[in-house]
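First up is the structure itself, then whatever we jot down about it.
The values are calculated or read from the model by the stated rules, or taken from the named source; none is laboratory data. Keep in mind it's a predicted model, so treat the numbers as computed, not measured. Here Cβ is always computed from backbone atoms with ideal geometry, including for glycine, and neighbour counts include all displayed protein chains.
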Amino acid sequence: MISEKSSTSWLQKLWSSLPRLVTGIVALLLVVILVLAWPLLTQSTPKYSNINEHFKYGSIGGASNMGIPYWIWRVMPVMFPEYLPVDAYQVPGDGVNQFGFMQEVDHDLPIGFAHDTYLGLDVVTNNCAFCHVGTVRESTAFPSEIIPAMPSNVVNLEAYFFFITRISGDPRFNAREMMPYIEQEAKAQGTKLNPLQSLLYRYIAIPQTRALLSVQASRLTFLDEQPLYGPGRVDTFTPYKSRAFNFIVEDLPKKETQGSASDFPSIWNQRPRQGMNLHWDGNNDSVAERNKSAALALVSPTNINLDSITLTANWLLDLPAPKYPYAINTELAAQGQPIFEQNCASCHAFGSEKVGKVTPLETIGTDTGRFDSYTPEFAANQYSLFAGIIYKGEDQRFTHFQKTKGYANHPLDGLWLRAPYLHNGSVPTLKDLLEKPENRPGKFYRGNDVFDQENFGFVSDLATDDGRSFFEYDTSEPGNGNGGHLFGIDLAPTDKTALIEYMKTL
């Protein structure tokens, strides 16, 4: 029988040791929490010392409003394969690479996709290479060569937008059905989410991502009413109006929204372009503003990484255009040089009187869709962007945008990689561009990266080849017209051949 004195003594010992016990429990809990949270606390945005790698994979911001948590992004093509492209344009590859994105073997993300962090989670964002890295090959017997700063000629960006927004409306986009896919994908990658990461994905990441994509889907409903863009093209300003300024696209004039898709431009050799009228319609003469405005397709002024953008921009200033790699008939090219100087140089040679200037619509005569999409009202809204943001002592607010009266005359460096031609990519080859509009192809195929050395452009007469199916471009669709730019169409056939040969040297 335990005496009252012994019982009291035992309770006193327990009471006196309680603080140490509580401290030990709290310490244990803190250790457990720290172990679970350590992957979140140590998660950081990757840095690349190689500028080419930075361009292709470095983050430019956008994690908080455009980022998709990594494991959700990984399983989306697995869970929702029915939203991947079929028939109209299809290239070999797994997952999102079926949209034409380029995958290098030493990276887990395609080119143009970047790792970033938000709320401690690894999220996938996009960068400049999303639209400005392309591929080319001599024939189907050769592998495709990846070329930074050229237009993303094989990337079907619109189809990717359709994919990530349409799955947000699928009832399977919920934690109960998505988490098993995430756990399986993580296991396949040789890792495992810890309990805290699983909780974050289940109760925060998945519902917030679905909500984010649903908002984007609601602002991009107009895509269903537009002609399909196809690979290598994008509507620059209609999504901008809806997402950045809450324009009601359905209330805008049809001519402003129906034919506004245009080709991705090349972005190499920017230093001599400073002060020129930039963009297809020449609406800005500041390279710095052009860079930031392009980035706003992927980020917002409040979460853009200006250090990253500046690093890329400085590299692009003196990045040379790739030289034509195939055989050139030097004698024939020499014959073509004076033809170029007489017929083309005044508008398209560096240092000439009209290069970087705007040619009025009535003179150039090309399709007006892209011109109509950019309005004075939109330009006025752009002046509000970056207001109050100071970077390295300089105000970042836009001050150079303006509505013009036509399309800008651009230098032709690296012309061989910029096909199809005209601002909307409506003419497949340079040989076709030197023909009267009625003799240019009314329909052709885009997305082939095999270069047509004879006609100077990418192969455009094949619907399928080498396991790929290509997009049929129809010049009768709004914004796709192939008329205008009548310069050189009356040259003798031999002069046209010589001119094309000279163009290979640019």
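Structure summary
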quantity: Among the candidates Ser476, Ser426, Ser469, residue that is among the hydroxyl-bearing types (Ser, Thr, Tyr), within 23 Å of the chain's Cα centre (by Cα) and farther than 30 Å from Asn284 by Cβ; calculated: Ser469
quantity: Selection within the range 99-127 - assigned to a loop (DSSP other than H, G, I, E, B) and hydrophobic (A, V, I, L, M, F, W, C); calculated: Phe101, Met102, Val105, Leu109, Ile111, Leu119
quantity: Single condition Leu332 does not satisfy, out of (1) under 21 Å from the mean Cα position of the chain (by Cα); (2) in contact (Cβ under 8 Å) with a residue 60 or more places away in the chain; calculated: (1)
quantity: Some residue of the range 178-187 being of a type outside the set (Ser, Thr, Tyr), out of contact with any Phe, Trp or Tyr (no Cβ under 7 Å at 6 or more places or on another chain), exposed (fewer than 12 other Cβ atoms within 10 Å of the Cβ) and part of a loop (DSSP other than H, G, I, E, B); calculated: no
quantity: Residue match in the range 8-19 (condition: modelled with pLDDT under 95, on the phi < 0 side of the Ramachandran plot, surrounded by 10 or more Cβ atoms within 10 Å (Cβ to Cβ) and touching a Phe, Trp or Tyr at 6+ places or on another chain (Cβ under 9 Å)); calculated: no
quantity: Those helices (runs of 4 or more DSSP H) lying entirely in the range 193-268 with at least 1 residues charged (D, E, K, R) and at pLDDT below 95; calculated: 206-219, 238-245, 254-257
quantity: Residue list for the range 222-257, filter: of a type in the set (A, V, I, L, M), out of contact with any Phe, Trp or Tyr (no Cβ under 8 Å at 6 or more places or on another chain) and in contact (Cβ under 8 Å) with a residue 40 or more places away in the chain; calculated: Ala244
quantity: Filtered residue count, the range 430-475, keeping only those that are assigned to a strand (DSSP E or B), in contact with a strand residue (DSSP E or B) (Cβ under 7 Å, 6 or more places away or on another chain) and β-branched (Val, Ile, Thr); calculated: 1
quantity: Checklist (1) crowded, with 23+ Cβ neighbours inside 10 Å; (2) in contact with an Asp or Glu (Cβ under 8 Å, 6 or more places away or on another chain); (3) part of a helix (DSSP H, G or I) applied to Val75, failing item; calculated: (1)
quantity: Hits in the range 282-296 - residues which are in contact with a strand residue (DSSP E or B) (Cβ under 8 Å, 6 or more places away or on another chain) and in contact (Cβ under 8 Å) with a residue 40 or more places away in the chain; calculated: Gly282, Asn284, Asp285, Ser286, Lys292, Ser293, Ala295, Leu296
quantity: Residue in the range 476-492 that is surrounded by the most Cβ atoms within 10 Å (Cβ to Cβ), counting only those that are without any contact (Cβ under 8 Å) to a residue 60 or more places away in the chain and either outside any loop (DSSP other than H, G, I, E, B) or among the aliphatic types (A, V, I, L, M) (or both); calculated: Ile489
quantity: Condition check for Glu158: assigned to a helix (DSSP H, G or I), more than 27 Å from the chain's Cα centre (by Cα) and of a type in the set (Asp, Glu); calculated: no
quantity: Test set (1) without any contact (Cβ under 8 Å) to a residue 24 or more places away in the chain; (2) buried (at least 17 other Cβ atoms within 10 Å of the Cβ); (3) under 30 Å from Asn52 (Cβ atoms) - Thr191 fails condition number; calculated: (2)
quantity: Leading residue by the ranking (surrounded by the fewest Cβ atoms within 10 Å (Cβ to Cβ)) among those in the range 341-400 that are without any contact (Cβ under 8 Å) to a residue 60 or more places away in the chain and of a type in the set (Val, Ile, Thr); calculated: Ile390
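Rundown of residues vs (1) surrounded by fewer than 23 Cβ atoms within 10 Å (Cβ to Cβ); (2) over 19 Å from the mean Cα position of the chain (by Cα); (3) not acidic (Asp, Glu), yes/no style:
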site: Gly58; (1), (2), (3): no, no, yes
site: Met66; (1), (2), (3): yes, no, yes
site: Met102; (1), (2), (3): yes, no, yes
site: Asp106; (1), (2), (3): yes, yes, no
site: Pro151; (1), (2), (3): no, no, yes
